[in-house]
Structure formats: C-alpha cells, structure tokens
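Asker: Sending over a structure as structure tokens; questions will come in a sec.
Nothing in this text is a laboratory measurement; each read-out follows from the coordinates by a stated rule. As the structure is a prediction and not an experimental result, all values here were calculated from the model. Reconstructed Cβ throughout: ideal geometry from the backbone, glycine too, with neighbour counts over all protein chains shown.
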Amino acid sequence: MTTTTAHQLQQIARHWPDLNDALGTPATINGFGLGLRGYLVTLNQLDQFDAEEAAILRALERDPDQLGARPVPISLRVHDTMHAVETVLLDTADRLARTVQRAPMQPPRPARAAVARTRADRVFWEDRARRAEAARKDSDDPRRWRETTGRTAVRAALWLSARALGAAGPFRPLTEHEHRHLATVAAGALGRIEAVLDLADIRRELTAAHPCPCGGTIEVYGGAGATPVARCKGCGAIWSERGILAA
C-alpha cells in the first residue's frame with residue numbers, strides 16, 4: 001500500500017503540467033454530442049457534481065446537432081478537476097502535518113550580551129550560538145509543510161508521497177489509519193485526473209434516457225488511448241465516433 005500510494009501521488013505531480021496544457025484546449029463537438037471520448041469523461045465527472053451544478057453544466061452545452069469545434073477560454077472540466085484535486089491535497093497535507101510534523105526546536109531564551117572574560121563564558125556563549133543556529137535551521141527545514149507558503153498541488157503531492165514512504169525529516173511515521181486515509185485520497189485524486197485526461201479505461205452503461213433504437217441498453221467504453229466505442233447489449237450494434245461499425 002505504501003509504495004502504491006507514493007507512486008500515485010508522484011503521478012499526480014507528473015500529470016499536473018498536462019492538466020495545465022489541457023486547461024486551454026478547445027472542446028470539439030461532433031455527432032455524438034461531446035464525442036464518445038468526451039462523453040465517457042463527462043459521465044465520470046457528473047458523478048462528482050450535485051444536481052444544481054450538473055444542470056448548470058448541461059445548460060452550457062451546445063446543441064448536439066451543431067457540429068464542429070467550439071473554442072472556449074478554458075476547459076471547465078479540467079478547471080474543476082484541478083481545483084478539486086488541489087483542494088483535497090492541500091487539506092490532507094494541512095491535517096497530516098498537524099499530527100505527524102514535530103514542532104520546531106525552541107531557541108535559547110534571550111539574554112543580555114556580555115563580554116566573555118573567562119573560558120567558561122566563551123563556552124557558554126558558543127554553546128548558546130550553536131543552539132540558536134540549530135533551532136533556526138530546524139524551523140527553516142525545507143522538508144516541513146507550511147500552511148502559509150508553498151501551497152501548490154504539486155508540492156502537496158510530493159510532500160504526501162514522502163510521508164507515505166516514511167522519508168527522513170522532522171516527522172513521526174504514519175499510523176495504519178493515516179496510511180489508509182492517504183491511500184484513499186491518492187487513488188481518488190489520480191482517478192479524477194486520469195479520467196479528465198482520458199488516461200483511464202472507462203466502461204459505463206447509458207441510462208434509459210439514451211436507449212438503442214431497438215430498445216436495448218447501450219454500453220460505452222474506451223479511454224486509456226483506446227478508440228471509444230458504444231455497443232448495444234440487446235441487438236449487438238456497435239458505434240464509434242466515425243459512425244456505425246456493425247448492426
């Protein structure tokens with residue numbers, strides 16, 4: 001579990017530039033409304049929205065009868081995915097840091113400067129300087145998670161990955177419960193990213209609102225680089241984005 005969780009979090013960090021690239025990619029609308037590939041992702045994404053948000057998204061869609069490309073400033077699906085993933089990663093890092101991250105070392109109490117007249121005085125002030133420097137370095141340790149600076153999805157993913165692996169630093173090891181929670185967060189976040197980037201293998205059945213002409217249930221599957229295909233479970237007809245393949 002530990003290695004898998006760490007790998008998933010690292011994959012999130014690697015895919016983040018791809019999400020930024022996809023954020024400004026124009027949507028293409030064809031004879032399937034969103035296209036089978038886009039429809040697969042949309043089915044997966046609509047599960048994450050409540051009824052009001054889903055209604056707003058549907059209202060923004062073009063009539064499926066209108067073919068061609070529709071440039072938009074940003075992809076709302078990608079934007080919503082990035083916002084949701086970043087929010088959950090930052091929240092998870094904040095909560096985990098409060099329990100596993102050791103408090104910084106305390107520096108020596110302030111003292112009035114004095115001239116070191118004896119060897120004992122010199123030893124005292126040198127030791128005090130060492131302790132003050134050690135406290136400063138401990139407080140500034142770049143491995144620490146901070147709730148005020150460096151708050152990006154990529155840094156959160158990599159910091160959480162290090163915690164999953166038990167990397168060295170001012171931290172205690174994660175408990176079994178913390179490992180399980182982090183594994184759930186990592187898998188869910190990576191799943192949403194892979195879905196919106198069309199990297200996941202998706203298979204879904206359409207609702208009764210979208211039946212085959214024969215009345216049968218249509219199953220849509222594809223993703224992970226495969227050509228999206230729809231198949232009727234009743235008559236066996238098969239469609240792709242190019243039209244009917246078999247009837």
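Asker: Show me 96-108, 204-216 ranked by packing, highest mean number of other Cβ atoms within 10 Å first. Don't skip to the end; give the middle numbers.
Answerer: On the way: 96-108: 14.0, 204-216: 12.2.
Packing order, densest peptide first, comes out as 96-108, 204-216.
Asker: Length gain on complete extension for the stretch Ala103 to His177, per 0.36 nm per residue less the alpha carbon to alpha carbon distance?
Answerer: 24.5 nm
Asker: Checking a compactness column here: for the stretch 82-241, what do you get for Rg(Cα) / (2.2 N^0.38 Å), N being the number of residues? Don't jump to the answer; show the numbers that get you there.
Answerer: Numbers: Rg = 27.8 Å, N = 160, 2.2 N^0.38 = 15.1 Å.
Cα Rg divided by the expected 2.2 N^0.38 Å: 1.84.
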